[in-house]
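Enquirer: Before anything else, here's the structure in question.
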Amino acid sequence: QDIPSQEGRLALVTGATSGIGFHAAKELARRGATVIMPARDMRKAREAAEQIEAEVPKARLYLAKLDLAEFDSVREFAGHLRQRYGTGSLDLLVNNAGIMALPKRTLNSRGVELQIATNYFGPFLLTALLFPLMKEEQGSRIVTVSSTMARSAHLEFDNLQSERRYVPHGGAYAQSKLADLIFAFELHRRLNAANSCIASIAAHPGWALTDIGRSVSPGFRIVMNLSRPLFQSAEAGSLPLLFAATSPNAQKGGYYGPDGRNEAKGNPTAAFEPVITKDATVGRRLWDESERITGMQFVVLA
């Protein structure tokens, strides 16, 4: 209800076919934004679009193919958007899509571990490629979605892709979401140094009921099902993301999550920021490693 008008704005939300991304895309469309909804599965994208249009008949949606885990797909998608919309056209980029706790270490076609490829390296590459499309004006935002798991994670540069050991949830997934958060803060520092109007803001949904854990092991799925009463709905989980994306009170370089106990449920508020996210040396090192892995130099210029 507090979301300001998004008329005339072009927004891109990854992971918009379900969960918090779906609700974020729907509310942005409801407020008048044109919403780009990229997806790996176009059937799911069409179904999600139909659900949004049933509730928001005037929704302006654009569907396109994107597999964030595959760098060639990210490059092809970004090239398509550059051709369709052109430089300086994008008001909002929401890096939300992700996977969680694959039972076995899996690699993409480039040999990169799949969780961190999907959750972090793919979004890093997408942001770098789409950065020239961002409008250089107040209100333009790049929102990166992290997780409460980032609070307990450790960034291990010698095990960034779980080469030495693979721990599905508390290891690989948690580290990928910490990388997202470190990236958001490092991007903020670089945008600030370049005197850019574009804001980098992070958010997390708390403990939200989504299908991100669809690939977990049977044992972990049992644990998740038993814990369902502790979770909030995906719609409620989308609120911190929407706050970061649209609120005039969201600060550049901010991080937002639910205001309840352990940041599990509640209304959007400033979230706990792990100390490591403030370490510029770590931020630069992760940025350099991300450029090496993706083969993409990301230079932030106003």
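Enquirer: Taking Ala69 as meeting all but one of (1) in a helix (DSSP H, G or I); (2) buried (at least 24 other Cβ atoms within 10 Å of the Cβ), write down the number of the exception.
Expert: It is condition (1) that Ala69 fails.
Conditions tested, residue by residue: (1) part of a helix (DSSP H, G or I); (2) farther than 27 Å from Glu263 by Cβ.
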| site | (1), (2) |
| --- | --- |
| Phe121 | yes, no |
| Phe124 | yes, no |
| Leu129 | yes, yes |
| Met149 | yes, no |
| Leu155 | no, no |
| Tyr173 | yes, no |
| Ala179 | yes, no |
| Phe183 | yes, no |
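Enquirer: What number of residues within the stretch 87-113 satisfy the criterion of being more than 16 Å from Thr34 (Cα to Cα) and surrounded by fewer than 19 Cβ atoms within 10 Å (Cβ to Cβ)?
Expert: Initially, the stretch 87-113 is screened for residues more than 16 Å from Thr34 (Cα to Cα), giving 87, 95-113.
Okay, now just the ones that are also surrounded by fewer than 19 Cβ atoms within 10 Å (Cβ to Cβ), so 87, 103-107, 109-111.
Total meeting the criteria: 9.
Enquirer: Name every residue in the stretch 76-106 that is over 15 Å from the mean Cα position of the chain (by Cα) and part of a loop (DSSP other than H, G, I, E, B), in order of residue number.
Expert: Initially, the stretch 76-106 is screened for residues over 15 Å from the mean Cα position of the chain (by Cα), giving 76-91, 101-106.
Correct list: Gly86, Thr87, Gly88, Ser89, Asp91, Ala101, Leu102, Pro103, Lys104, Arg105, Thr106.
Enquirer: If you go through the stretch 77-107, how many residues are charged (D, E, K, R) and touching a Leu at 6+ places or on another chain (Cβ under 7 Å)?
Expert: We begin by selecting, within the stretch 77-107, every residue charged (D, E, K, R); these are 82, 84, 91, 104-105.
Keeping just the survivors that are touching a Leu at 6+ places or on another chain (Cβ under 7 Å) gives 82, 91.
Result for the stretch 77-107: 2.
Enquirer: Quick one: in the stretch 264-278, which of the residues that are farther than 16 Å from Thr144 by Cβ and free of Cβ contacts under 8 Å to residues at least 40 places away in the same chain is surrounded by the most Cβ atoms within 10 Å (Cβ to Cβ)?
Expert: Thr269
Enquirer: Still on this model: Have a look at Lys26, Lys44 and point out the one that is out of contact with any strand residue (DSSP E or B) (no Cβ under 7 Å at 6 or more places or on another chain), of a type outside the set (Asp, Glu) and open to solvent by 20 Å² or more (accessible area, probe 1.4 Å). Reasoning before the result, please.
Expert: Numbers: Lys26 fails: open to solvent by 20 Å² or more (accessible area, probe 1.4 Å).
Of Lys26, Lys44, the one residue that is out of contact with any strand residue (DSSP E or B) (no Cβ under 7 Å at 6 or more places or on another chain), of a type outside the set (Asp, Glu) and open to solvent by 20 Å² or more (accessible area, probe 1.4 Å) is Lys44.
Enquirer: Ok, one more. Going through Ala150, Ala117 one at a time, which residue ends up being crowded, with 23+ Cβ neighbours inside 10 Å, touching a residue at least 40 places away in the same chain (Cβ under 8 Å) and more than 13 Å from the chain's Cα centre (by Cα)? Lay out the reasoning, then the answer.
Expert: Values: Ala117 fails: more than 13 Å from the chain's Cα centre (by Cα).
Step by step, each of Ala150, Ala117 is checked, and only Ala150 is crowded, with 23+ Cβ neighbours inside 10 Å, touching a residue at least 40 places away in the same chain (Cβ under 8 Å) and more than 13 Å from the chain's Cα centre (by Cα).
Enquirer: Does the stretch 245-254 contain any residue that is open to solvent by 50 Å² or more (accessible area, probe 1.4 Å), part of a helix (DSSP H, G or I) and farther than 29 Å from Ser18 by Cβ? Please lay out each step first, then the result.
Expert: Applying the first criterion (open to solvent by 50 Å² or more (accessible area, probe 1.4 Å)) to the stretch 245-254 yields 248-249, 251-252.
From what's left, part of a helix (DSSP H, G or I): none.
No, the stretch 245-254 contains no residue that is open to solvent by 50 Å² or more (accessible area, probe 1.4 Å), part of a helix (DSSP H, G or I) and farther than 29 Å from Ser18 by Cβ.
Enquirer: Answer yes or no as to whether Gln51 is under 22 Å from Glu27 (Cα atoms) and part of a loop (DSSP other than H, G, I, E, B).
Expert: On the way: under 22 Å from Glu27 (Cα atoms): yes; part of a loop (DSSP other than H, G, I, E, B): no.
So Gln51 fails the test.
Enquirer: Listed residues Gln138, Gln51; which is over 28 Å from Gly253 (Cα atoms) and either among the acidic types (Asp, Glu) or surrounded by fewer than 17 Cβ atoms within 10 Å (Cβ to Cβ) (or both)?
Expert: Details: Gln138 fails: over 28 Å from Gly253 (Cα atoms).
Matching residue, one of Gln138, Gln51: Gln51.
To keep it simple, each residue is scored yes or no on (1) closer than 17 Å to Leu239 by Cβ; (2) in contact (Cβ under 8 Å) with a residue 40 or more places away in the chain; (3) open to solvent by 20 Å² or more (accessible area, probe 1.4 Å).
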| site | (1), (2), (3) |
| --- | --- |
| Arg9 | no, yes, yes |
| Thr34 | no, no, yes |
| Val56 | no, no, no |
| Tyr85 | no, yes, yes |
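Enquirer: Give the number of residues within the stretch 191-233 that are in a helix (DSSP H, G or I) and modelled with pLDDT of 95 or more. Working first, answer last.
Expert: In the first step, residues of the stretch 191-233 are kept if they are in a helix (DSSP H, G or I); the result is 191-193, 218-226, 228-230.
Filter once more, keeping what is modelled with pLDDT of 95 or more: 191-193.
Here the count works out to 3.
Enquirer: Still on this structure: So in the stretch 193-209, with the set limited to residues that are over 16 Å from Thr127 (Cβ atoms) and in contact with a strand residue (DSSP E or B) (Cβ under 9 Å, 6 or more places away or on another chain), which one is surrounded by the most Cβ atoms within 10 Å (Cβ to Cβ)?
Expert: Among those residues, the one meeting the criterion is Pro205.
The values are calculated or read from the model by the stated rules, or taken from the named source; none is laboratory data. Remember, it's a predicted structure, so these values are computed and weren't measured experimentally. A quick note on method: Cβ atoms are made from the backbone with ideal geometry, for glycine too, and the neighbour counts reach across all protein chains shown. Surface accessibility is based on the protein's heavy atoms, side chains included, excluding ligands, DNA and RNA. Shrake-Rupley method; radii C 1.70, N 1.55, O 1.52, S 1.80 Å.
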